[in-house]
Structures are given as C-alpha cells and as structure tokens.
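The values are calculated or read from the model by the stated rules, or taken from the named source; none is laboratory data. The structure displayed is predicted, hence computed values, not measured ones. Reconstructed Cβ throughout: ideal geometry from the backbone, glycine too, with neighbour counts over all protein chains shown. Protein only, heavy atoms only, side chains kept; ligands, DNA and RNA dropped before computing areas. Shrake-Rupley method; radii C 1.70, N 1.55, O 1.52, S 1.80 Å.
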Amino acid sequence: MRELNIYRPIKAELIKVIDESPLIKTFVLVPEQEISFKTGQFIEVTVENVGEAPFTPSSSPLETKQLEVTVMKAGYVTEEMHKMVPGQYMGIRGPYGRGYPLEEFYGKEVLILGGGCGFAPIRSLLYNLKAISDRLRKVTLCYGSKTPEDCIYKPYISELRATPKFEVLRSVDKADASWQEKVGVVTLLLDDVKVDVGNSVAVVCGPPIMMKYGTFKLLDMGYPEDKIYLSMEKNMSCGFGKCGHCAMGHYFVCKDGPVFSYNEVKNSPNIWM
Ligand SMILES: Cc1cc2nc3c(=O)[nH]c(=O)nc-3n(C[C@H](O)[C@H](O)[C@H](O)COP(=O)(O)OP(=O)(O)OC[C@H]3O[C@@H](n4cnc5c(N)ncnc54)[C@H](O)[C@@H]3O)c2cc1C
Ligand code: FES
C-alpha cells in the first residue's frame, strides 16, 4: 500500500448510494488509494466547489479498498452530497483523531446507546466487535430514532439479531401501526437491558441531548465515568489540531477525540452542545 498523505485529499469514486431514511443516505466510495482507519476515527469529505465536512466512516475498518459514510442532510455540503450519483467523485482526507480503545473492551460486555445518525460510527464499531467477538462476553445495542421511517440500516439490524452474542433493542419516539418494538425516548431501553455493569463498558453516540441524558442514566446504573465512551462532535475545519475550531476546554476534539471517556471531558465547557 502506498504511503497516504493525510493532509491532502485523494479522489474517491462514488459507486453506490443507499437511501436509509428520508434524510439519511449511505455513500459507498472507492478511494484512488487504499485507506485504513481505526473504528471511531473520522475523515474529511470534500465536495468540489461546495466545501468540506467531517464524517466517521460507517463501514468496517477491516475493509481498506472501499469505505462508506452515512450522511444526514444538514446544510450546504451534505445537501450537495445527497444530490450526487454513482460515477461522480468526492475528495477524502484523513483518517484523523482517536477511535475506540477496543483493547479496553476485551473480556467485557459492551452496551451501546445510539440515536439518529449516531448509528453511523456505531455500525463501524459493530463490524469490528463482530470480528473480535470471541474476546467479548456480549454486545447490546440500544438504538432510537424519531419514527419507524427514520430507523436506518434495517437489513443490518436483522443480520445483527441473528448474530450470536449480539442483541438489538430499538425504540421510536412516535410509532405507527407497523411498529412492534418500544415507543419512547431511547434511554428508556436501558430499563430493559440485562447487563453485568461491573464487567461492562458503554458507548454513546447520537444527538447532544441524547448523549447527555444517556450518559446520566448510565452513571445512575452504576457505570464508572471511565467506562463510558462518548463520540463527540464539534464544528471542525483543519481536522488535525491546527486551527482551534473544535476546541473543548483544553482538548481539540479532532486530535484528542472524537472518542473520549466521560471522565476525560466531564469538566470541559459545553460538552453537550
Ligand atoms: C467527528 C465528526 C464526525 C461526524 N460524523 C458524521 C456522520 O457520520 N454522519 C453525519 O451525517 N454527520 C456527521 N457529522 C456531522 C457533520 O459533519 C455535519 O452535519 C456537517 O459538517 C454539516 O455540514 P453542512 O455543510 O452540510 O452543513 P452547514 O451548512 O455547515 O451547517 C448546517 C447546520 O449544522 C451545523 N453544523 C455544522 N457542522 C456541525 C457539526 N459538526 N456538529 C453539529 N452541528 C454542525 C451548523 O452550525 C448549521 O446549523 C460528524 C461531525 C464530526 C465533528
Ligand atoms: S478542527 Fe482544527 S483544531 Fe480541530
């Protein structure tokens, strides 16, 4: 594999677009050079003449020839991405930051709390956890979305439910007649989880409000602060610790994160914004 210059974007061909929900699409990209990342790290994606935005790959870190990003329509760059079709090109640079410390998960149960598009980094993590499942006791995913229509990765959820050691609980804020699972905010799912807290780590990724109340509930359940891993999002520019856009207290989220344990960031200002 040729040495990758992480400061310069490389071209990546869009080969497939998957509609996940009315606002979320997955883009399957083939970079001109193989790219390897650790689950939880992020890349910067450029759309020519529009701009750049950070995304955490949602694909397996064990796959280096192609990579997937799952993107919610939020503004200029993401709207343009949603208009793109196979055969077009994006730029990608990275990977950047610190991913999940998987060695800390060995021998433990892993409880994952995800909401909305926060399932994107979590899916990459789940692929990785499946590959090391002989070293784990159990993996429980609690995932929430606004409505059944907003639930992403539906085929993958079915696959996960058929995987030994993996359990999936889902909730929606507002159900329709088709919905057979929990109704209510995602943190309610934690009441139904059977977990050996003393031998477990927790992962939280989703909108800030969910991260906040999810973390507080995990603390109430008895999780130590250093066993709760948060995937933080801040507005970013350079991606590698030079511009200061992503400062959070004395951390730069791009370089020191985006994955932090709660005890590392609990005293930083505006962690839930
Ligand atoms: C490390 C990291 C990983 C991310 N991974 C994903 C992912 O996998 N999938 C995904 O859909 N999104 C992800 N995001 C969020 C994504 O980067 C933003 O949605 C995107 O930058 C918006 O760009 P835009 O040009 O479309 O919107 P803009 O036109 O720039 O802004 C639209 C609105 O979103 C706000 N905004 C812009 N950037 C952010 C941000 N980073 N966090 C919160 N609000 C923001 C703006 O203030 C504005 O209100 C991630 C962000 C970070 C920092
Ligand atoms: S994005 Fe420039 S320092 Fe973090």
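Things to note:
- Those residues of segment 29-42 which are touching a residue at least 40 places away in the same chain (Cβ under 8 Å) and within 24 Å of Ile132 (Cα to Cα), in sequence order: Ile35, Ser36, Phe37, Lys38, Thr39, Gly40, Gln41, Phe42
- Count of segment 72-90 residues which are open to solvent by 10 Å² or more (accessible area, probe 1.4 Å), over 24 Å from Cys151 (Cβ atoms) and part of a strand (DSSP E or B): 1
- Residue pairs whose Cβ atoms lie under 6 Å apart, separated by 6 or more positions or on different chains, with the first residue in segment 64-78 and under 9 Å from Ala120 (Cβ atoms) and the second within 16 Å of ligand 2 (Cβ to nearest atom) and open to solvent by less than 10 Å² (accessible area, probe 1.4 Å), do not occur.
- Residues in segment 94-108 that are touching a residue at least 24 places away in the same chain (Cβ under 8 Å) and open to solvent by 20 Å² or more (accessible area, probe 1.4 Å): Pro95, Gly97, Arg98, Pro101, Leu102, Glu104, Tyr106, Gly107, Lys108.
- Residue count for segment 42-98, restricted to those that are hydroxyl-bearing (Ser, Thr, Tyr) and touching a Gly at 6+ places or on another chain (Cβ under 9 Å): 4
- With a requirement of 1 or more residues that are touching a His at 6+ places or on another chain (Cβ under 7 Å), open to solvent by less than 60 Å² (accessible area, probe 1.4 Å) and away from ligand 2 (no atom under 16 Å from the Cβ), the strands (runs of 3 or more DSSP E) lying completely within segment 9-71 that satisfy it span 24-31.
- Residues located in segment 149-165, provided they are surrounded by fewer than 10 Cβ atoms within 10 Å (Cβ to Cβ) and assigned to a loop (DSSP other than H, G, I, E, B): Ala162, Pro164
- Whenever a residue of segment 249-261 is away from ligand 1 (no atom under 12 Å from the Cβ), its partners that are of a type in the set (Val, Ile, Thr), lying with C-beta atoms within less than 8 angstrom and at least six residues away or across chains, give the pairs Gly249/Val265; Tyr251/Val265; Ser261/Ile228.
- Scanning segment 64-105 for residues that are touching a helix residue (DSSP H, G or I) at 6+ places or on another chain (Cβ under 8 Å) and within 16 Å of ligand 1 (Cβ to nearest atom) turns up Val69, Thr70, Val71, Met72, Lys73, Met90, Tyr96, Gly97, Arg98, Tyr100.
- Flag if Lys165 is among the basic types (Lys, Arg), more than 16 Å from ligand 1 (Cβ to nearest atom), in contact (Cβ under 8 Å) with a residue 40 or more places away in the chain and over 23 Å from Cys117 (Cβ atoms): no
- Condition met for Tyr143 (farther than 20 Å from Lys16 by Cβ, within 16 Å of the chain's Cα centre (by Cα), within 16 Å of ligand 1 (Cβ to nearest atom) and assigned to a loop (DSSP other than H, G, I, E, B)): no
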